[in-house]
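In what follows, a structure is listed as structure tokens, so that the remarks can point back to it.
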Amino acid sequence: MKKLINAPEDVVTDALLGIEAAHPELSVDHAHKVIYRADGPHTGKVGIISGGGSGHEPLHGGFVGLGMLDAACAGEIFTSPVPDQMLAATKLVDGGAGVLHVVKNYTGDVMNFEMAAELAAAETGANVVSVVTDDDVAVQDSTWTAGRRGVGVTVLLEKIAGAAAEQGRPLEQVAGVARSVNANGRSMGLALTSCTVPAVGKPTFELGDDEMELGVGIHGEPGRERRSLASAKECASLLVEPILADLPYKKDDAVICFVNGLGGTPLIELYVLYNEVATILSNHGVQVARSLVGSYITSLDMAGASVTLLRLDDELLKLWDAPVRTPALRWGI
Amino acid sequence: MSDGATRTDLEQWVRAFAQQVDDNKDLLTELDAAIGDADHGANMDRGLKAVLVALEQDQPATPPALFNKVGMTLVSTVGGASGPLYGTLFLRFGGAIGDEEPVSPARFAAALRAGLDGVVARGKAEPGDKTMYDALAPALAALDAALSDGAGWDVALQRASSAAESGRDATIEMLARKGRASYLGERSIGHQDPGATSAALLVAAAYAALRDCA
């Protein structure tokens, strides 16, 4: 294992120190591993927090700032944060208008956020609403599993719900916007390599030079199917067709097309993939209203990519275009 | 059967569990790498080490206080699904064990039942889902059966531990329906569940620590 770290057990702590040093507009509660807006809480504004295991950067800490999240809780690598952390974050961002918890659908995340919401209600009486993302079409038989995983849609949801909160909308409306994003978004990913968890020191799974794993999640958990390595064109089809069929997306639907790197794939390859994805969408008559290309929800050093489509109406598009100022997303300001 | 387990004996159970997890943390992580995300050993070990530190700092005076502390510490330090699940197990165990010492094996079994009910409420697991439930439920059934046959701590916990191990082994052929392993579908078959493995260690630790309570 070659990693730019001091010690495996200090990775999360050291990275939080780095975020604090690099971004003076953010503060860090190191005891609780919570990144939050230094200028908060904002009276009368709905607070939005999220969180999850570390290793997905810039998700979630890189999305804290104006027009997006008010706070993010960093768990251990690939491990959900604990209820104390979400409780601390909820207190830090509550400006009296309630707090939205954005939770990715993983068993641990859901349970820990649930316990945090129970504690927050008991301790502070804070009005907490949770929205769970579950956009991964790779999980097919979701009635027999823990359900679909929350992946790429989480990034788009945090941006769009963040804009709604910044406009001063009440909690129920912000949550409604968030649910609408999740309902209209679908994703799928593939891996070219495993990732290596620092504390483990070796790849989580073995993948041959001529193999790829289709339908991976973002924790190095193996996907649904192992296949021979294919061209970007073929990969685009393997990812996009199941997404299109699932919602389904129809001719003349307007979408955000989000091509995401999983951490170890260079941007030039993401653009190669984006071009193939855009061609398929164009063949289906799906209109790409906005695009996002880059590594925004990652799996440490895993090579690979995911595609997310979000069907837009005028409201979601306006909220997407609204100003945002965070370490990882920044426009309109 | 007038004697039973004291608060100190019960703390020995927790300490034995911490030791067993420490001894087996690489195995737990390896099992988790096959069908999960390769962190079960590290997470449980971190949580139980934190429990040991917490018990050094402040000795809870009664069995309920002991298990409340163990449960809250695990919830705060383990993360993942195991934190809320093991945390809830110990919190509910503590809520049901009662202040009175010594604790009879029947009261221990009833408290463990309350803990298992808490795990089910939190995790919504059903039999055969390939989870910690599949080790704990047979252990509880064996414990109850042995106690109603008139067995004491030693025999009852020995049977419970052996049932937990059989339950753990039976998870190998199960199709995972909960947690991250469920995403693998059929590919989860053929792998032993890490949660059932740590749960079997919990029961084995009870046998090791409490067998001599007469």
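Every condition in (1) modelled with pLDDT of 95 or more; (2) surrounded by fewer than 24 Cβ atoms within 10 Å (Cβ to Cβ); (3) in contact with a Cys (Cβ under 8 Å, 6 or more places away or on another chain) is met by A:Leu190 except one, and the failing one is (2). The residue of the stretch A:125-158 that is surrounded by the fewest Cβ atoms within 10 Å (Cβ to Cβ), among those that are within 14 Å of another protein chain (Cβ to nearest Cβ) and in a helix (DSSP H, G or I), is A:Thr143. Just to be sure, is A:Thr107 among the polar types (S, T, N, Q), in contact (Cβ under 8 Å) with a residue 12 or more places away in the chain and more than 8 Å from chain B (Cβ to nearest Cβ)? No. Against the test of being outside any loop (DSSP other than H, G, I, E, B), at pLDDT below 95 and either surrounded by fewer than 23 Cβ atoms within 10 Å (Cβ to Cβ) or of a type outside the set (S, T, N, Q) (or both), the options B:Ala142, B:Ala209, B:Ala181 yield a single qualifying residue, B:Ala181. Restricting attention to the stretch B:52-85, which residues are in a helix (DSSP H, G or I) and touching a residue at least 60 places away in the same chain (Cβ under 8 Å)? Within the stretch B:52-85, B:Ser82, B:Leu85 qualify. Look at A:Ala230 and say whether it is farther than 30 Å from A:Ala7 by Cα, outside the structural domain of A:Thr133 (by TED's automatic domain parsing) and assigned to a loop (DSSP other than H, G, I, E, B). So A:Ala230 fits the description; yes. Restricting attention to the stretch A:204-220 and to residues that are touching an Asp or Glu at 6+ places or on another chain (Cβ under 9 Å) and more than 24 Å from A:Val240 (Cβ to Cβ), the residue that is nearest to the other protein chains (Cβ to nearest Cβ) turns out to be A:Thr204. Kindly indicate which of A:Ala122, A:Ala71 is surrounded by 24 or more Cβ atoms within 10 Å (Cβ to Cβ) and either aromatic (Phe, Trp, Tyr) or more than 24 Å from B:Met44 (Cα to Cα) (or both). After applying the criteria, what remains is A:Ala71. Checking each residue in the stretch A:85-110 for being over 15 Å from the mean Cα position of the chain (by Cα), modelled with pLDDT of 95 or more and not in a loop (DSSP other than H, G, I, E, B) picks out A:Gln85, A:Met86, A:Leu87, A:Ala88, A:Ala89, A:Thr90, A:Lys91, A:Leu92, A:Val93, A:Val99, A:Leu100. Selection over the stretch B:119-130 of residues that are under 18 Å from B:Val75 (Cβ atoms), at pLDDT 95 or above and within 12 Å of chain A (Cβ to nearest Cβ) gives a count of 1.
When the strands (runs of 3 or more DSSP E) confined to the stretch A:236-333 are screened for residues that are crowded, with 19+ Cβ neighbours inside 10 Å and touching a strand residue (DSSP E or B) at 6+ places or on another chain (Cβ under 8 Å), those reaching at least 2 such residues are found at A:254-261, A:304-311. Taken residue by residue, the stretch A:147-160 has no member that is in contact with a Pro (Cβ under 6 Å, 6 or more places away or on another chain), under 21 Å from B:Asp32 (Cα atoms) and not basic (Lys, Arg).
Taking the conditions (1) more than 30 Å from B:Ser188 (Cβ to Cβ); (2) within 11 Å of chain B (Cβ to nearest Cβ); (3) not in a helix (DSSP H, G or I) in turn, A:Leu119 satisfies each one other than (3). Set side by side, the residues B:Arg187, B:Arg177 differ, and just one is among the charged types (D, E, K, R), under 13 Å from B:Ala125 (Cβ atoms) and at the interface with chain A (Cβ under 8 Å from one of its Cβ atoms), which is B:Arg177. Looking across B:Ala38, B:Ala33, one residue alone is without any contact (Cβ under 8 Å) to a residue 12 or more places away in the chain, within 14 Å of chain A (Cβ to nearest Cβ) and not in a helix (DSSP H, G or I). It is B:Ala38.
For the stretch B:197-208, the criterion of being more than 17 Å from the chain's Cα centre (by Cα) and among the aromatic types (Phe, Trp, Tyr) is met by none of the residues.
Of the candidates A:Leu300, A:Leu273, the single residue that is over 25 Å from A:Trp320 (Cα atoms) and under 23 Å from the mean Cα position of the chain (by Cα) is A:Leu300.
Cβ-Cβ distances below 9 Å connect the following pairs, each with a first residue in the stretch A:1-18 that is without any contact (Cβ under 8 Å) to a residue 24 or more places away in the chain, a second residue that is surrounded by 14 or more Cβ atoms within 10 Å (Cβ to Cβ) and in a loop (DSSP other than H, G, I, E, B), and a separation of six or more residues or different chains: A:Ala7/A:Pro198; A:Thr13/A:Lys33.
Could you tell me whether the stretch A:20-43 includes any residue that is touching an Asp or Glu at 6+ places or on another chain (Cβ under 6 Å), part of a helix (DSSP H, G or I), over 13 Å from A:Thr90 (Cα atoms) and in the same structural domain as A:Gln167 (by TED's automatic domain parsing)? No, there is no match, as no residue in the stretch A:20-43 is touching an Asp or Glu at 6+ places or on another chain (Cβ under 6 Å), part of a helix (DSSP H, G or I), over 13 Å from A:Thr90 (Cα atoms) and in the same structural domain as A:Gln167 (by TED's automatic domain parsing).
The values are calculated or read from the model by the stated rules, or taken from the named source; none is laboratory data. If you're wondering where the values come from, they're calculated on a predicted model, not measured in any experiment. Backbone-built Cβ (ideal geometry, glycine too); neighbour counts: all protein chains shown.
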